[in-house]
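Contents: one structure, followed by commentary.
Please treat every number below as a calculation from the coordinates, not as lab data. These numbers were taken from a predicted model, which means no experiment stands behind them. With ideal geometry, Cβ positions are generated from the backbone for all residues, glycine too; neighbour counts draw on all protein chains shown.
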Amino acid sequence: MKARTRILVIFGTRPEAIKLFPVVHALQADDRFECVVCVSAQHRQMLDQVLTITGIKPDHDLNVMQPDQTLDALTANLLTGLGKVMDEVKPDRIIVQGDTATAMAGALAAYYRKVPVDHVEAGLRSYNIYHPWPEEVNRKIIGAMASLHFAPTQTAAAALLKENAPPARVHVTGNTVIDALHWVTARIEAEPSLASGLAELEQRFVGKRIIGVTSHRRENFGGGMEGIAQAIREIALRPDVAVIFPVHLNPNVRKVMNESLGGLENVALIEPLDYPHFARLLNIAEIMLTDSGGVQEEAPALGKPVLVMRETTERPEGVEAGTAKLVGTDAAAIVTEISTLLDDTEAYEAMARAHNPFGDGRSSARIVELLANEIGHEA
Ligand code: UD1
Ligand code: UDP
């Protein structure tokens, strides 16, 4: 019998964990593969929240996170740490997701060992190397080394082909975040208590219109974060509005938000939510205000208008479909856009259409079949 193909799946942050757990589950259920999981723990608590709910027990944990870590120290630690794991595990292939420092360093360490790199969520491009920063360059570096490119959409695939990726290596799979959302929705249906922790807050804000907020982008640190906080202060003056804001653990985010928004009656600054509770927030919110990548994909799938606090997006599909809008980080512009959605029913209805350009929930199954096909060709 042919030995199973050993695939090392590497991730380190919350969004990578959310987008890779469906792939890990699918690989673990498939006899053709031996799935080895290595977490860098670039994020600690926010990663562990995902591991706990999804039941994934990493085989290797580098525990690299440092408070307020710099990109260079983080990257150096990741590269040496992931290289050592690869020397021990000797994988046949590795999988990385997206554009984080962990994904970039993982791909580089594999390339140094001539181990094929398979890239989930390949081909996202904003065409601005400082927005998002440093993710735009991270994903281009991974793209230069990838063996198989799993593009979530046709737009992403077209970007890769324009950069001369071999067409036979580029596959449109959908985004695994929709698999994750389906999985967590089913889990909550089976066990509602998994997402019942917001009940007290929901009671406090009963009758109000909920705006869900997330923010963490490095390029928004400083002036951008100030603008976002100012906009929330202003919009929260409305008596009919309540803001629920699970604050990212990055100290650069927490300091500004705590100082500017702490203690406001209509604003709940809360700790990062685990995935079932965040799914609950997406459901109860009327509008999502975010600079997150993943939330731009999840909110349209649930028919929630999403205002994106960025100058550019590498996820144009939501904007093209009319369910997402780029609003930048200027306080006045954000307030105007939220007010329009709150006061103009037609404008709201035009955005609040369930739209799923990012996937159908079967992306991880496609990825596993493409991997099996690849191995078949190699054998
Ligand atoms: C990282 C990714 C970004 C991704 C984001 C998702 C890079 C360069 N950035 O950005 O692409 O969109 O994650 O959230 O890879 N912290 C904790 N506990 C945690 C997580 C973070 O305390 O569980 C704090 C630490 O002080 C840490 C800091 O946040 O040093 C920054 O974490 P880091 O992963 O470097 O950057 P993010 O801004 O989270
Ligand atoms: N998310 C979560 N809890 C929160 C905030 C976000 O589980 O308190 C999830 C969200 O559903 C999405 C992902 O985290 O799937 C987005 O992560 P983040 O915004 O940190 O990173 P990005 O997507 O911008 O890389």
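Residues of region 283-312 that are surrounded by fewer than 20 Cβ atoms within 10 Å (Cβ to Cβ) and either within 16 Å of ligand 1 (Cβ to nearest atom) or under 20 Å from Arg217 (Cβ atoms) (or both): Glu311, Thr312.
Listed here are the residues, each with its yes/no results for (1) assigned to a loop (DSSP other than H, G, I, E, B); (2) aliphatic (A, V, I, L, M).
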{"position": "Ala17", "(1), (2)": "no, yes"}
{"position": "Leu20", "(1), (2)": "no, yes"}
{"position": "Asp31", "(1), (2)": "yes, no"}
{"position": "Glu34", "(1), (2)": "no, no"}
{"position": "Gln66", "(1), (2)": "yes, no"}
{"position": "Asp87", "(1), (2)": "no, no"}
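Out of everything in region 23-43 that is surrounded by fewer than 17 Cβ atoms within 10 Å (Cβ to Cβ) and not acidic (Asp, Glu), what residue ends up being farthest from ligand 1 (Cβ to nearest atom)? I'd like the intermediate steps shown before the answer.
The initial filter retains those residues of region 23-43 that are surrounded by fewer than 17 Cβ atoms within 10 Å (Cβ to Cβ), namely 28-29, 31-32.
Checking the rest, the ones that are also not acidic (Asp, Glu) come to 28-29, 32.
Working: Gln28: 24, Ala29: 27, Arg32: 31 Å.
Per the stated criteria, the residue is Arg32.
Within region 50-67, the set of residues being surrounded by fewer than 21 Cβ atoms within 10 Å (Cβ to Cβ), in contact (Cβ under 8 Å) with a residue 12 or more places away in the chain and away from ligand 2 (no atom under 16 Å from the Cβ) comprises Lys57, Pro58, Asp59, His60, Asp61, Asn63, Pro67. Restricting attention to region 309-360, the residues being among the β-branched types (Val, Ile, Thr), touching a residue at least 60 places away in the same chain (Cβ under 8 Å) and within 14 Å of Ile232 (Cα to Cα) number 4. Reported count of residues in region 94-112, each being away from ligand 2 (no atom under 16 Å from the Cβ) and either in contact with a Pro (Cβ under 7 Å, 6 or more places away or on another chain) or under 18 Å from Glu374 (Cβ atoms) (or both), is 5.
Going through Ala165, Ala199 one at a time, which residue ends up being more than 22 Å from the chain's Cα centre (by Cα), closer than 23 Å to Ser363 by Cβ and surrounded by fewer than 22 Cβ atoms within 10 Å (Cβ to Cβ)? Walk me through how you get there before you give the answer.
Working: Ala199 fails: closer than 23 Å to Ser363 by Cβ.
Result: Ala165 is the single residue among Ala165, Ala199 that is more than 22 Å from the chain's Cα centre (by Cα), closer than 23 Å to Ser363 by Cβ and surrounded by fewer than 22 Cβ atoms within 10 Å (Cβ to Cβ).
Highlighted here would be strands (runs of 3 or more DSSP E) found entirely within region 89-184 that include at least 2 residues which are within 16 Å of ligand 1 (Cβ to nearest atom) and among the charged types (D, E, K, R), but there are none. Screening region 263-280 for residues that are assigned to a helix (DSSP H, G or I) and away from ligand 1 (no atom under 16 Å from the Cβ) and picking the one that is farthest from the chain's Cα centre (by Cα) gives Arg280. Checking the structure you have, find out if any residue of region 294-305 is in contact with a Lys or Arg (Cβ under 8 Å, 6 or more places away or on another chain) and not in a helix (DSSP H, G or I). The answer is yes; a qualifying residue exists.
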